[in-house]
Amino acid sequence: MQHVFLAGYVSFDLPKNNDWPDRVVVRKVHADDFKISKERTSAHLMNFIRFYMPELLPDADKVMWLDADVIVTGDIHALLESLFNGKYGEAAIAAVQRSKKVLPATRIKPEQLSTMGLNRDPQEWAKTTVFNAGICVLNLQVWRREGYTAEVERVVLELRARGLGSYQGMNTPESSQTPLVLLFSGVKGRFQPLDSCWNMDGLGWKKRKRTEIETSCALHWSGPAKPWFKVMHPKSMGNGLWTPYDEAAQRAGLGTIRSTEKHTRNKKSCTTAHIALALDEKGMAGLPALLYSIYNNTAKPECVQTHVFLAGDIFFEPPKNSHWPDRVVVRKVHAEDFKISKERTTAHLTNFIRFYMPELLPDVDKVMWLDADVIVTGDIHALLESLFNGHYQKAALAAVPRKGKMLLSSTRLKIEQLSTMGLNRDPQEWAKTTVFNAGICVLNLQVWRREGYTAEVERVVLELRARGLGSYQGMNTPESSQTPLVLLFSGVKGRFQPLDSCWNMDGLGWKKRKRTEIETSCALHWSGPAKPWHAVMHKASMGKDMWTPYDEAAQLTGLSGGRLSK
């Protein structure tokens, strides 16, 4: 018996024919009916609802959970018959164990776990490995008897309160995997390992040996690209194994889930994620690929709004076709309209305009800024949902911190110069402050408005300009937008929320990166002199092969770069 839980304003009915007897039960669920998804999105609900199977399936003893990006090639009935017997009779969960350690994977420290009531010997935590919870089996009898649903709820709320609900490379607002791993992995008697064939994961972002795919029991397109996407991640694979199942299902009359009429009318069905970027003539060539990557790699493209600000004598309009509904807003801006770009170039304007988002987007609470030389491979909607919550709710900015790259040496600023600009900190604090790359960042616009940060950034820009300190080593813009942001927010408790390093794989325009870093990134960034649309690239640049498929796909949808205004 299969149980399909639908969230949000979607509908799905099985065809009335002999191919589909009464073995699939469809049930609607709502986020507000469950403690940890209340007042959150359908993405939270779909991620966390597996914890509520003991309640939702009161007559079932065990159940196999499958993410939607899975194809089963093995015998599920035989597998379930074999589980939770003998020495594993009291195990709560079965899954495929991974060699990846839980502490580096989640970036949680043993002392943080202790404060959450998760007490183990530090050496035990160091040895504990993760598992992928997209395919797992729950022993519902044990879950009910031990009250594990309530315990998982408690851990989720503890992680949420500390801003630890997500981990590297994930494509959901919060992790359902982390609480399960923390409670069950490495605990004797609580976990039953499955044969590795039962979760051939990562097919959405990395290469697998063909023999592994062909001998698997379950194929799993975890990662940013799904097998039904029109354009896949260059390293994804296995689509040829998914397509025959999809085509056979269509022939049997099994269609896809559809949006109900209410969904199209009710704007509360999802929270809009806002993206902003600014371009002049030099950056226009990167726009089609960037836009395509944003919408191709999110689970909720209908809930993403992109604001494109154009500077100078250029023109851009998304094509009027089904590929590009009204999700991209284009607006012309002029250097003279903003204090720190007045009487300056369009390059100054496109660099500094991010500081004016609180004014330009008055009804938006938070916005993600992207430079034009970026490709997004992660789920932006899920990321934005996860930010500025818990003890980061008063943070003004989120970005990827650069470990080891120190502010003073990078900008060549001296502490006494900072003091004369009204930027007073203990010298030891300045010495420890690191930088971040502001080409990909998220602004908490509610906090910016309340604290008047736009005016404060303007003041710092003018102070730097007056001293001839507006630029720093290696930058490709006339003045730095990064330096004032770093000076105001980096290293200041409560003002800055760190993003996972996968969200800014920068430097691709001038330095080598490990191929594994590129393949597991959430955002590729060609910061540096060479851009992926340049005919000739810097000899050390890389990753152009990951940009080109997005650009080509964008062109096929009718999306092309802008042109000079007449």
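The values are calculated or read from the model by the stated rules, or taken from the named source; none is laboratory data. Not measured: the values here are computed from a predicted model. With ideal geometry, Cβ positions are generated from the backbone for all residues, glycine too; neighbour counts draw on all protein chains shown. Just the protein is used for accessible areas: all its heavy atoms, side chains included, with ligands, DNA and RNA removed. Shrake-Rupley method; radii C 1.70, N 1.55, O 1.52, S 1.80 Å.
Is one or more of the residues making up region 339-346 under 23 Å from residue 532 (Cβ atoms) and either in a loop (DSSP other than H, G, I, E, B) or aliphatic (A, V, I, L, M) (or both)?
no
The rows are residues; the columns are (1) within 23 Å of residue 296 (Cβ to Cβ); (2) of a type in the set (S, T, N, Q).
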| residue | (1), (2) |
| --- | --- |
| 344 | no, no |
| 350 | no, yes |
| 359 | no, no |
| 367 | yes, no |
| 375 | yes, no |
| 380 | yes, no |
| 387 | yes, no |
| 394 | no, no |
| 397 | no, no |
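Taking region 8-57 on its own, how many of its residues are open to solvent by less than 70 Å² (accessible area, probe 1.4 Å), within 25 Å of residue 379 (Cβ to Cβ), without any contact (Cβ under 8 Å) to a residue 40 or more places away in the chain and not aromatic (Phe, Trp, Tyr)?
4
Being assigned to a loop (DSSP other than H, G, I, E, B), open to solvent by less than 20 Å² (accessible area, probe 1.4 Å) and in contact with a strand residue (DSSP E or B) (Cβ under 8 Å, 6 or more places away or on another chain): is that true of residue 364 here?
yes
What is the number of the single condition among (1) open to solvent by 30 Å² or more (accessible area, probe 1.4 Å); (2) in contact with a Gly (Cβ under 9 Å, 6 or more places away or on another chain); (3) of a type outside the set (Gly, Ala, Ser) that residue 71 does not meet?
Every listed condition holds for residue 71 apart from (1).
Residue by residue, here is whether (1) at pLDDT below 95; (2) more than 30 Å from the chain's Cα centre (by Cα) holds:
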{"residue": "62", "(1), (2)": "no, yes"}
{"residue": "68", "(1), (2)": "yes, no"}
{"residue": "83", "(1), (2)": "no, yes"}
{"residue": "94", "(1), (2)": "no, no"}
{"residue": "99", "(1), (2)": "yes, no"}
{"residue": "102", "(1), (2)": "yes, no"}
{"residue": "106", "(1), (2)": "yes, no"}
{"residue": "127", "(1), (2)": "yes, no"}
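How many residues does region 106-146 hold that are under 19 Å from residue 90 (Cα atoms), open to solvent by less than 60 Å² (accessible area, probe 1.4 Å) and not hydrophobic (A, V, I, L, M, F, W, C)?
1
Please work out if residue 101 is basic (Lys, Arg), touching a residue at least 12 places away in the same chain (Cβ under 8 Å) and open to solvent by 60 Å² or more (accessible area, probe 1.4 Å).
Yes: the conditions hold for residue 101.
Pull up region 198-214, narrow it to residues that are surrounded by 23 or more Cβ atoms within 10 Å (Cβ to Cβ) and either of a type in the set (Lys, Arg) or under 17 Å from residue 516 (Cβ atoms) (or both), then point me to the one that is modelled with the lowest pLDDT.
Out of the qualifying residues, it is 205.
Are any of the residues in region 431-447 under 17 Å from residue 355 (Cβ atoms), part of a helix (DSSP H, G or I) and in contact with a helix residue (DSSP H, G or I) (Cβ under 8 Å, 6 or more places away or on another chain)?
yes
Examine region 367-376 for a residue that is at pLDDT 95 or above, open to solvent by less than 10 Å² (accessible area, probe 1.4 Å) and out of contact with any helix residue (DSSP H, G or I) (no Cβ under 7 Å at 6 or more places or on another chain), and state whether such a residue exists.
no
Residues of region 249-281 being part of a helix (DSSP H, G or I) and either modelled with pLDDT under 85 or open to solvent by less than 30 Å² (accessible area, probe 1.4 Å) (or both), which ones?
Across region 249-281, the qualifying residues are 249, 250, 251, 261, 262, 263, 264, 265, 267, 268, 269.
Yes/no matrix, rows are residues, columns are (1) more than 22 Å from the chain's Cα centre (by Cα); (2) at pLDDT 90 or above; (3) on the phi < 0 side of the Ramachandran plot:
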residue	(1), (2), (3)
496	no, yes, yes
518	no, no, yes
532	yes, no, yes
538	yes, no, yes
543	no, no, no
552	yes, no, yes
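Give me a count of the residues in region 389-419 that are open to solvent by 20 Å² or more (accessible area, probe 1.4 Å) and either at positive phi or part of a strand (DSSP E or B) (or both).
Residues meeting the conditions: 8.
Those residues that are open to solvent by 60 Å² or more (accessible area, probe 1.4 Å) and either part of a strand (DSSP E or B) or within 22 Å of residue 343 (Cα to Cα) (or both), I need them from region 302-321; list them, please.
313, 315, listed by residue number.
Test residue 434 against the criterion of being open to solvent by 30 Å² or more (accessible area, probe 1.4 Å) and within 29 Å of residue 290 (Cα to Cα), and give yes or no.
Answer is yes for this residue.
Within region 339-384, which residues are among the β-branched types (Val, Ile, Thr) and under 24 Å from residue 205 (Cβ atoms)?
If the condition is that a residue be among the β-branched types (Val, Ile, Thr) and under 24 Å from residue 205 (Cβ atoms), then 374, 375, 376, 377, 380 are the ones that fit.
Restricting attention to region 503-516, does a residue exist that is open to solvent by less than 10 Å² (accessible area, probe 1.4 Å), at pLDDT 90 or above and within 20 Å of residue 291 (Cα to Cα)?
Yes, region 503-516 contains a residue that is open to solvent by less than 10 Å² (accessible area, probe 1.4 Å), at pLDDT 90 or above and within 20 Å of residue 291 (Cα to Cα).
Which count do you get for residues in region 75-92 that are open to solvent by less than 30 Å² (accessible area, probe 1.4 Å) and among the small types (Gly, Ala, Ser)?
Residues that pass the stated criteria total 3.
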